[in-house]
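Taken together, the values in this text are just the output of simple stated rules run on the coordinates, not laboratory data. Bear in mind the structure is a predicted one, so any value in this text is a computation, not a measurement. Using ideal geometry, Cβ is built from the backbone for each residue, glycine included, and neighbour counts are taken over all protein chains shown.
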Amino acid sequence: DISDYLDQYDPTQDAINDFVTLTEVGNNTTVSVDVDGTGSGGSQDLVVLLNTTGLSIEDVIDTDTIV
């Protein structure tokens, strides 16, 4: 659950892709979070999903996988 990292995210005004990114490397996907969504502080890698690819942020949130 990464919701604690998203306290500045407002779903009515912000794009989730400004806060959460998924990066595929090989067969794995890294989930990173930018806590303020501006890119100025950079993003922090939180977790690597092993043997998992082809995800979108919307799919992950809609299925309650990480939020």
#### Entry: Most fluctuating residue given options Thr38, Thr12, Thr30, as computed from a GNM of the chain linking Cα atoms under 10 Å
Thr12
### Summary
Over the chain, the sum of -39500 (n - 2.57) across DSSP H runs of at least four, divided by residue number and rounded to 500 deg cm²/dmol, gives at 222 nm -2000 deg cm²/dmol
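Calculate, in whole percent, how much of the Cα-Cα pair population of the chain lies beyond 20 Å. Please report the intermediate quantities before stating the final value.
On the way: 480 of 2211 pairs.
Tail of the P(r) past 20 Å holds 22 percent of the pairs.
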## Note on the structure
Protection proxy (average C-beta count within 10 Å per residue), highest first, orders 43-52, 16-25 as 16-25, 43-52
